[in-house]
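Student: Handing you this structure, nothing more for now.
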Amino acid sequence: MTDPVAAAIEPIREKFVQAYTQWLPEMQKHFPQGVSEHPFAIQHDKSLIRNLYRIDFATQIQPKPEFREFRLQDMLAFKSWDGPVEGVHLHLHPFRWDALVVQLQGAKWDEAAVTRWFDRWFGMMKDTPVVTPGVQTGGFIHAASLQDEMLHVDLGTAPVEALTELLAIARTTGASAIALVDPVVRPTTPSGEALN
């Protein structure tokens, strides 16, 4: 049986990843020595898990790193959905793959479980992030920031499985509801239609 949540969010990922992978060759034309999805330690942002962030494109690494961030001009529109999924109430609103908030209601995130999830999808190997050379995508999340019941995530080029695994972690917290929302765009009224 197909996971209805995965089926609903796959087009959101596809829209972002397709646009991002079309943007990268343009950046490489202007900055031939540039690299994509390069991990950096961001010491001044203590909410970032492990203080790590994968930059969409680094025009150079040395002597001083310079970055370019990719942003979609629009997001995939769909009617918000609200209903039970695998024993928890899910609020699914339009969101951008690179700017998602997963918010728990009535619970807090298990920080250890979220950190293990982060390590897997950020590409950590023995406490060091994997570095891929040149301009390519590695299926990595780009950042995650945890604040009590809210987890801000830039899912980067990670597959849908990364988000479905995160939702499984959210369900184990005992939350009465889980909301997937964009941090900027206000949610539309839930349609009440079933995910299928």
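Student: Put +1 on the Cβ of each Lys and Arg and -1 on the Cβ of each Asp and Glu in the chain; which of I49, V88, A162 then has its Cα farthest toward the positive end of the dipole?
Tutor: I49
Student: Then there's this: In deg cm²/dmol and to the nearest 500, what is the mean residue ellipticity at 222 nm of the chain if only DSSP H runs of at least 4 residues count, each as -39500 (n - 2.57), divided by the residue total? Spell out each step's value before the answer.
Tutor: Working: 3 runs with 52 residues, N = 196.
Value at 222 nm, helices only, nearest 500: -9000 deg cm²/dmol.
Student: To the nearest 10 degrees, how steep is helix 4-30 against the longest Cα principal axis of the chain, on a 0 to 90 scale?
Tutor: So the helix axis and the longest Cα principal axis differ by about 20 degrees.
Student: Can you tell me the 0 to 90 degree angle between the C-alpha axis of helix 111-122 and the longest principal axis of the chain, rounded to 10?
Tutor: Taking Cα atoms only, the helix is inclined about 50 degrees.
Student: Here is a further query. Can you give the accessible area per residue of the chain, in Å², using a 1.4 Å probe? Each step should come with its number before you reach the end.
Tutor: Numbers: 10030 Å² over 196 residues.
Heavy-atom accessible area per residue stands at 51 Å².
Student: Still on this model: Could you work out what % of the accessible surface of segment 4-181 is carbon and sulfur, using a 1.4 angstrom probe and leaving DNA, RNA and ligands out of the count?
Tutor: Working: 4410 of 8390 Å².
The value for segment 4-181 is 53 percent carbon and sulfur by accessible area.
Student: How would you classify segment 12-166 from its alpha-carbon gyration tensor, with a ≥ b ≥ c the square roots of the eigenvalues: rounded for a/c under 1.5, else prolate if a/b is greater than b/c, otherwise oblate? Before the final figure, lay out each step's value.
Tutor: Numbers: a/c = 2.26, a/b = 1.44, b/c = 1.58.
Oblate.
Student: Output the 0 to 90 degree angle, nearest 10, between the alpha-carbon long axis of helix 160-172 and the longest principal axis computed from the alpha carbons of the chain.
Tutor: 50
Student: Please list, ordered by chain and number, the residues whose modelled amide H lies under 5 Å from the amide H of F140; skip anything fewer than 5 residues away on the same chain.
Tutor: Under 5 Å from the amide H of F140 lie the amide H atoms of T157, A158, each far enough along the sequence or on another chain.
Student: Further question on the same structure: Ordering H44, H30 from largest to smallest accessible area (1.4 angstrom probe), what's the sequence?
Tutor: The ordering from most to least exposed comes out as H44, H30.
Student: Using a Cα distance threshold of under 23 Å, what count of lysine pairs results for the chain when pairs must be 8 or more residues apart or interchain?
Tutor: Lysine pairs satisfying the spacing and distance rule in the chain number 6.
The values are calculated or read from the model by the stated rules, or taken from the named source; none is laboratory data. Fair warning: this is a prediction, and the values are worked out from it, not measured in the lab. With ideal geometry, Cβ positions are generated from the backbone for all residues, glycine too; neighbour counts draw on all protein chains shown. Quick note on the areas: whole protein, heavy atoms, side chains included, nothing else; ligands and nucleic acids left out. Shrake-Rupley method; radii C 1.70, N 1.55, O 1.52, S 1.80 Å.
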